[in-house]
1. Within 11 Å, Cβ to Cβ, of PRO137, how many net charges do the neighbouring residues add up to if Lys/Arg are +1 and Asp/Glu are -1?
2. Could you compute the FRET efficiency for PHE309 and GLU71, with r as their C-beta to C-beta distance and R0 at 22 Å, rounded to 0.05?
3. Read phi for every residue in region 364-369 and hand back ³J(HN,Hα) as whole Hz from Karplus 6.51 cos²θ - 1.76 cosθ + 1.60, θ = phi - 60°, with x for Gly and Pro.
4. May I ask you to list the residues of region 370-413 whose amide nitrogen lies under 15 Å from a point 7 Å from Cα along the Cα→beta-carbon direction of SER275?
5. Once Rh for the chain is found with the Kirkwood sum over Cα pairs, what is the Stokes-Einstein diffusion coefficient at 37 °C and 0.692 mPa s, in µm²/s?
6. Which of GLN166, GLN383, GLN181 moves most in a GNM of the chain, Cα contacts under 10 Å?
7. Calculate, for the chain, the solvent-accessible area per residue in square angstrom, rolling a 1.4 angstrom probe over the heavy atoms of the protein chains.
8. Students often check this: by mean Cβ neighbours within 10 Å, which of 387-398, 80-91 ranks highest, and how do the rest follow?
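The values are calculated or read from the model by the stated rules, or taken from the named source; none is laboratory data. Just so it is clear, the structure is predicted and the values come from calculations on it, not from any experiment. When we count neighbours, we look across all protein chains shown, and the Cβ atoms used for this are built from the backbone with ideal geometry, even at glycine. To get the accessible areas, we keep the full protein, side chains included, count just its heavy atoms, and leave off ligands, DNA and RNA. Shrake-Rupley method; radii C 1.70, N 1.55, O 1.52, S 1.80 Å.
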Amino acid sequence: MMFCSRGVDLRLNAAWLIGLLCVMGGVQAKTYTLYLDADRTGHSESALAIEYGMRVAFDEVNNQINGDKFEFVTLDHRGNSARSKHHMNLYDKDKNALAYVGGLHSPPLIKYRDFINQAEILTLVPWAAGGPITRYPSEENWVFRLSVDDRKAGERLAKAALGDAQCKKPALLLEETPWGQSNQLNISKALLSAGHGTPEVAWFNWGINDAAARTRVNTLLDKQADCIIMVANAMEGSRIINAVASLPVESRVPIISHWGITGGDMSGIAQTVNSESLTLHFIQTCFSFLSESQSALSRQVYSRAVTLFDEVTSDPASLDAPTGFIHGYDLGKVFISAVAQADLSGDIDVDRRRVRLSMEALTDPIDGLIKTYRTPFTAYSEQNPDAHEALGVDDLCMASLGPKGEIRLIEDK
C-alpha cells in the first residue's frame, strides 16, 4: 500500500490512521521506547513536568508514528551522575530504545558527554542548561537541546542585574558543579562585556545548610555586593533565599537567579519572598500558561494534560515546574516530526542514526508553545556552536513568583 511507505510525508495528527492502514496492509509495526532519566527523588516536580509535556505531544498522535508504537521508560537517577551513566548503559543495550531524555541536572550530561557521543546515544535535553552539553567537537553530535543554554543565559542574567535591578556591583553565588562553573565563565564574560570588572564569587555544594548559606551570603555582602546572581536548584536556592531574608531589611539585596530554583516546590520560596518583600527574578523561556493571550494550541495542550494526568488541575497556576512541561512538549513535537521523516528500518542502530540526521534536516514548520520552529537544528560544527540549540537569547525572559508560587513572566519577547 502506498500509505505504508516509510518515507511518506505525514500529517502528524493523522499518524494513527496511517498506522491502522499499515497494519491492515501487513507491514510489521515495531515498538520503540524513550528513556526519561531524571531526578524523581529530590526534584520530582521537574521530572514529572518533562514527562507530562512529552506524553501530551505523543498522545496527540496516539503514541504512534508511521504505524510504529512509542512507549516511555521512566528512570530515577536521584541527582547522582553515576546512576545516570548506568541508565545510559541500559539504553545503549536496549534494542527498542530510540531516544534518551535528560532531566533538570547538567552534571551527568556534561560529565558523560564523550560517552554519549561515542556510544551514539540519541539524547534530547528539555531542561539541563550547561553550555558544554550540546557542544561536542564533532560533526556527528548526538545531543539536541530545546531549553535554556547557559551561553545565552549568562547574557540575560547580566542584563537583568545591570538593567532591571540596577546593580552596580553584582556578585555570583554558584553551586560547585560543572553547571555552576560554566555559568561563572558565561556570566563573568557578559558582565565584562558590559563594562564591569570581574565579579566576586562564592561557591556552595549540594545540600548546603542554613548556617553555611548565611555565611556565603555575608561573604559577598562584606565585599560590597549590591545584588546576587545565583545559580542553584530548588533545595539549595531556598536556603540561600532564606539567608537573604534573615538579614536586616536595609541589608537585603536583590536576587537574580538561574531557573534551577523552579524545578521543585515553589510555594515555600514564594512565601518567603512575598512575606519579606524580597526581590527575586529568575530566567525562563518566553511562554506561560498564565499569560492573558493563549493560542488555540496552548489551550488544547493544557486541556489534554488535565484529561491525561490526575495531578494536573484546571488551574494552570497549580502546574509545578511549568517550563519542564513546556519544553518537554515542544521537544517532543520536534522529535515526532524527525521520526516521521526518518524512514525507520526496524534496526535500532540504523534508526538512531537516521533520526539524528533527521533532527538536523527538519524544514516544515512545527507549531510549539514557545514558538513555531523552522529548522530548529542543523549540522554541528565548531564554527556553528549553536547548531543543536533550538532556542536563542530572544526566547529568554525574566519571571517572578506570585503569592502561591506560580511563575509569572515579567516581560514578553
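1. Here the charged neighbours net out to -2.
2. Calculated transfer efficiency: 0.85.
3. After applying 6.51 cos²θ - 1.76 cosθ + 1.60, I find 6, x, 10, 7, x, 6 Hz.
4. Answer for region 370-413: 403-405.
5. Approximately 151 µm²/s, per Stokes-Einstein.
6. Of GLN166, GLN383, GLN181, the most mobile in the Gaussian network model is GLN383.
7. Values: 16720 Å² over 413 residues.
Using a 1.4 Å probe on heavy atoms only, each residue of the chain averages 40 Å².
8. Numbers: 387-398: 19.7, 80-91: 17.8.
Packing order, densest peptide first, comes out as 387-398, 80-91.
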